[in-house]
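Written out below as structure tokens is the structure these notes cover.
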Amino acid sequence: MARSRRLKIPVEDKVRVVFSVLAGEMDAAEAARRRGVSTASVGKWKQAFLEAGTNALDEVSSGPAGAQGTPEQRRLRVENEQLKLALAEATVQLRVWQHGAALVDQVPSLTWKP
């Protein structure tokens, strides 16, 4: 009667993991280990993220001009998506820097003498 305990990973965390993998900061196996999920899960997140991006780009360029709104609305939607991605990337960078800053006291200085 063993029941697996699946934790619901917030979508924001999944995005951060995917960005970290795509940016080359860590591979899928390391990301999976850090989040406590399988490497296959990280692979699925990455694949879904890339497919959604491809579909979004396909929708922007397809259909009659008025179907997706005015050119200004389309431009604003694209800019909004770019800003969301930039914010997510900045969040990942900040967390990496914060993690590094937390470890800086553990690294001895080259000029330090006992």
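Miscellaneous remarks
- Segment residue 47..residue 109, full-extension length gain: 18.1 nm, with 0.36 nm per residue of separation and the alpha-carbon distance subtracted.
- HN-Hα J in Hz across segment 78-94 - Karplus 6.51, -1.76, 1.60, θ = phi - 60°, x for Gly and Pro: 5, 4, 4, 5, 5, 5, 4, 5, 4, 5, 5, 5, 5, 5, 4, 4, 4
- Among the GluC sites (Glu not before Pro) found in segment 3-53, not one is both in a DSSP coil and sparsely packed, with 11 or fewer other Cβ atoms within 10 Å of its Cβ.
Where a number appears in this text, it was derived from the coordinates with a stated rule and is not lab data. Given the structure is predicted, the values throughout are model-derived calculations rather than measurements. FYI the Cβ positions are ideal-geometry reconstructions off the backbone, even for glycines, and counts take in every protein chain you see.
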